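What follows is a short report on a single structure.
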Amino acid sequence: MKILSINVSEPKKVTFNGKELITSIYKKPVANKVQVTNQGIEGDRQADLSVHGGYDKAVYAYSYSHYQLWGEKLNTQFNEYGLVGENLTIDIFDEDEIYIGDKFKINNCILQVSQPRIPCYKIGI
């Protein structure tokens, strides 16, 4: 398991289906080291804290291997990271072998799986 990218974003206004909304789905890779706290990654904020972010959803990880499946379904190739709003893009992240309570050490940071995360409807934007 290797981290390919650390991705962050600030909330921004967009228009979707004729409605104005605020989203942080547009995560972009950062090149520098970032601080991780129990509330999330430095430089990253969520638009709706009732369903994203906070202590139990501080960091969202996603497997880059799933990008290939999305590419096949959408008939395109993805060469960027953070496309589903994830903070960590990981090369191979097999959810069938990861359980709530599992811990992962990344340098001096320990992350613990607290619950499954499913991207919200804003991924459709």
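Every condition in (1) of a type outside the set (Asp, Glu); (2) open to solvent by 90 Å² or more (accessible area, probe 1.4 Å); (3) not in a loop (DSSP other than H, G, I, E, B) holds for residue 4 except the one numbered (2).
The strands (runs of 3 or more DSSP E) located wholly in region 82-125 that include 3 or more residues which are in contact with a Lys or Arg (Cβ under 8 Å, 6 or more places away or on another chain) occupy 109-112.
Restricting attention to region 69-81, the residues that are assigned to a loop (DSSP other than H, G, I, E, B) and among the aromatic types (Phe, Trp, Tyr) total 2. Scanning region 17-47 for residues that are assigned to a strand (DSSP E or B) and among the hydrophobic types (A, V, I, L, M, F, W, C) yields 21, 22, 36, 41.
Total residues in region 16-30 satisfying the condition of being in contact with a strand residue (DSSP E or B) (Cβ under 9 Å, 6 or more places away or on another chain), over 17 Å from residue 120 (Cβ atoms) and not charged (D, E, K, R): the figure is 2. For region 19-50, residues that are open to solvent by 70 Å² or more (accessible area, probe 1.4 Å), of a type outside the set (D, E, K, R) and farther than 21 Å from residue 105 by Cα total 4.
Against the test of being in contact with a Gly (Cβ under 9 Å, 6 or more places away or on another chain), touching a residue at least 24 places away in the same chain (Cβ under 8 Å), of a type in the set (D, E, K, R) and under 21 Å from residue 102 (Cα atoms), the options 57, 2 yield a single qualifying residue, 57. The residues of region 51-74 that are of a type in the set (Phe, Trp, Tyr), under 14 Å from residue 5 (Cα atoms) and open to solvent by 50 Å² or more (accessible area, probe 1.4 Å) amount to a single one, 64.
The values are calculated or read from the model by the stated rules, or taken from the named source; none is laboratory data. As the structure is a computational prediction, the values presented were derived from the model and not from experiment. Note: ideal-geometry Cβ built from the backbone for every residue, glycine included; neighbour counts use all protein chains shown. Side chains are part of the model used for accessible areas, which takes the heavy atoms of the whole protein and leaves out ligands, DNA and RNA. Shrake-Rupley method; radii C 1.70, N 1.55, O 1.52, S 1.80 Å.
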